[in-house]
Structure formats: C-alpha cells, structure tokens
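Trainee: Here it is: the structure, laid out below.
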Amino acid sequence: SQQGEEDPQALSIQEGENATMNCSYKTSINNLQWYRQNSGRGLVHLILIRSNEREKHSGRLRVTLDTSKKSSSLLITASRAADTASYFCATAGTALIFGKGTTLSVSS
Amino acid sequence: GAGVSQSPSNKVTEKGKDVELRCDPISGHTALYWYRQSLGQGLEFLIYFQGNSAPDKSGLPSDRFSAERTGGSVSTLTIQRTQQEDSAVYLCASSLNRALATEAFFGQGTRLTVV
C-alpha cells in the first residue's frame, strides 16, 4: 500500500523558477524522506526530516513538515534543467512507504 | 561493494516460469527493502527485512511472491509462476540501522518482462 500522496503529479517550469511539491500521508511517522529518481531506475536520497522537526534545508532544497496536517512540502529554489526528474516522498513508520511521485520538468 | 547491487539488470521470462532476483546490500546495513515499480508509477512496497527480526511481508501481492535474506546480507526475491502483470522494475534498497531513521540506498533495479 502507498501512504504518501504527492501533489501535483506533474510540474513544468522554466530554469530559475522555484518548484514546490507537496506530500500528504495518513498515519503517524518517525520521519519523512524525499527521494529523486532519474530515468525510472534507482532512487537517490535528498533529505530526511524527523517528526519533531518543522523545517530543514539542504543547499537549494527546503523541506517542511506539519505533523498536525500530516503533510510535507519540498521546495527546490532556482531550478536547473538538471533538476528534471521524478520526486517521491517516503514515510517511515513500520516500513518505508513511498508515494506516487511528482514528475518535474525544467526547461532551459 | 560500494553500493547496492542487483542482478540481473534485465530479465525476460515466459509466463508461468519462476524467476529469482538478487540483491546485495551495502555491507553492514541491517535493513533491506524490496519494492516494485510499474511504468510511470510509484514504488509499491513488497517486503522489509530488519536484522534478525521477522520480515514485514505485508506488501507481497500474492503467495507467488517470496523473499529470503541469508546471513543478514544477500536477499533473493522469488516470483513463482510469473504472470504478465508481474512485469515491472524491482528495486532493492538497504539502510544502516533500524527504526528507518536513516536514508535508504537503492540499487539500479531489475527490469522484469514476462512474455
């Protein structure tokens, strides 16, 4: 079963713009993680935010977590064509469960 | 090895045959996960191994699917009597410790095609 649900399913922006993706989940979690996938193969971990944290930054990435609303957002600032990929949130509870992902397309 | 290794990279099999997919996790990682991803879809959780604990098999779609992890390291996912709907990329991941408190490292997956 999939717990996380990303929104939007697809996002197209121009280079230099910011991209925001949202994730909603249903049950309690230990932490929430964001991953990136290129070309439908292996995923790469981007950032982890613990359930007692509200915001976290890593380079051009900013993640927020609202446990009362069971939601998280991933912001990519100053996007680049190389950011084109699928982005998934994953909730860590009794297992690591992924959502369906947001496909981001950044055009130059 | 330096990363999670999966073999084979690609597997084409005839409907009704059994297949085995292999995953070599990063040395020292106690947690191992298997996922299935159909074209353009998200990751479907299959099974989760954590150390010597009983695996979480709640995601296995049918009794044709099974997985083992020998010696706390290598894992094999077996699909018996394959069907066309089993066609997908099967992804394996491992992480350092329990409680899912650290990032998972993924292999490049096995693309299974059932014809």
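Trainee: Figure the gain on full extension for A:ALA78 and A:GLN14 (residue separation times 0.36 nm, minus the Cα-Cα span) and round it to one decimal in nm.
Mentor: Values: separation 64, 0.36 × 64 = 23.04 nm, distance 0.94 nm.
Here the segment from A:ALA78 to A:GLN14 would lengthen by 22.1 nm.
Trainee: Let me ask something additional. Suppose R0 equals 30 Å; then what is the FRET efficiency for A:ARG41 and B:ALA54 from their Cβ-Cβ distance, rounded to the nearest 0.05? List each step's numbers first, then the result.
Mentor: Values: r = 30 Å, r/R0 = 1.00.
Using R0 = 30 Å, I get an efficiency of 0.50.
Trainee: Within a 10 angstrom radius of each residue's Cβ in B:31-42, how many Cβ atoms of other chains show up on average? Whole number is fine. Show your work: numbers first, answer last.
Mentor: On the way: counts 2, 0, 4, 0, 4, 0, 6, 0, 1, 5, 4, 14.
Rounded to a whole number, the mean comes out at 3.
Trainee: Using 7 Å Cα-to-Cβ label points, what is the B:LEU39/B:THR113 separation (nm, one decimal)?
Mentor: 1.0
Trainee: A further question follows. Which of B:ARG69, B:ARG36 comes first, and how do the rest follow, when ranked by fewest Cβ neighbours within 10 Å?
Mentor: Details: B:ARG69 20, B:ARG36 23.
If I rank by nearby Cβ atoms, fewest first, I get B:ARG69, B:ARG36.
Trainee: So what is the relative contact order of the stretch A:8-108, in percent, for Cα pairs below 8 Å that sit 6 or more residues apart?
Mentor: Working: 231 pairs, mean separation 38.6, N = 101.
It rounds to 38 percent for the stretch A:8-108.
Trainee: Can I ask one more? Quick one: Karplus J couplings for the stretch B:32-48, per residue in order, coefficients 6.51, -1.76, 1.60, θ = phi - 60°, nearest Hz, x for Gly and Pro?
Mentor: These are the phi-based 3J(HN,Hα) values: 9, 10, 10, 10, 10, 10, 7, 3, x, 10, x, 8, 9, 5, 10, 7, 9 Hz.
Trainee: Determine by what factor the alpha-carbon radius of gyration of the protein assembly as shown differs from 2.2 N^0.38 Å, reporting the quotient.
Mentor: On the way: Rg = 17.3 Å, N = 223, 2.2 N^0.38 = 17.2 Å.
Normalised by 2.2 N^0.38 Å, the Cα Rg of the protein assembly as shown equals 1.01.
Trainee: Report, in debye and to the nearest 20, how large the dipole of chain A comes out about its Cα centre when Lys and Arg carry +1 and Asp and Glu carry -1 on their Cβ.
Mentor: Numbers: 12 positive and 9 negative charges, 54 e Å.
That gives a dipole near 260 debye.
Trainee: Turning to a different aspect of this structure: What nm distance separates the two modelled labels at A:ASN22 and B:SER27, each placed 7 Å from Cα along Cα→Cβ?
Mentor: Result for the modelled spin labels: 4.6 nm.
Trainee: How crowded by other chains is A:82-95, given as the mean number of beta carbons from other chains within 10 Å of each beta carbon?
Mentor: Details: counts 0, 0, 0, 0, 2, 0, 2, 1, 7, 1, 6, 1, 5, 12.
If you average over the peptide's residues, the count of other-chain Cβ atoms is 3.
Trainee: If r is the Cβ-Cβ distance from B:SER5 to A:ASP66 and R0 is 41 Å, what FRET efficiency results, to the nearest 0.05? Intermediate results must be reported in sequence, preceding the final value.
Mentor: Numbers: r = 38 Å, r/R0 = 0.92.
So, using R0 = 41 Å, E works out to roughly 0.60.
Trainee: Any chance you could run the full-extension gain for B:ASN97 through B:GLU14? It's 0.36 nm times the residue separation minus the Cα-Cα distance, nm to one decimal. Each step should come with its number before you reach the end.
Mentor: On the way: separation 83, 0.36 × 83 = 29.88 nm, distance 3.79 nm.
The B:ASN97-B:GLU14 span can extend by a further 26.1 nm.
Trainee: Note down the magnitude of the dipole of the stretch B:7-115 about its Cα centre, charges +1 on Lys and Arg C-beta and -1 on Asp and Glu C-beta and zero elsewhere, to the nearest 20 debye. Walk me through the intermediate numbers first.
Mentor: Details: 11 positive and 11 negative charges, 19 e Å.
That gives the stretch B:7-115 a dipole magnitude of about 100 debye.
Trainee: Order these by the 10 Å Cβ neighbour count, fewest first: B:ASP18, B:ASP63, B:ASP86. List each step's numbers first, then the result.
Mentor: Details: B:ASP18 11, B:ASP63 7, B:ASP86 21.
Going from least to most buried by this count: B:ASP63, B:ASP18, B:ASP86.
Computed from the coordinates by the stated procedures, all read-outs in this text should not be read as laboratory data. Here the structure is a predicted model, which means the values were calculated and not measured. A quick note on method: Cβ atoms are made from the backbone with ideal geometry, for glycine too, and the neighbour counts reach across all protein chains shown.
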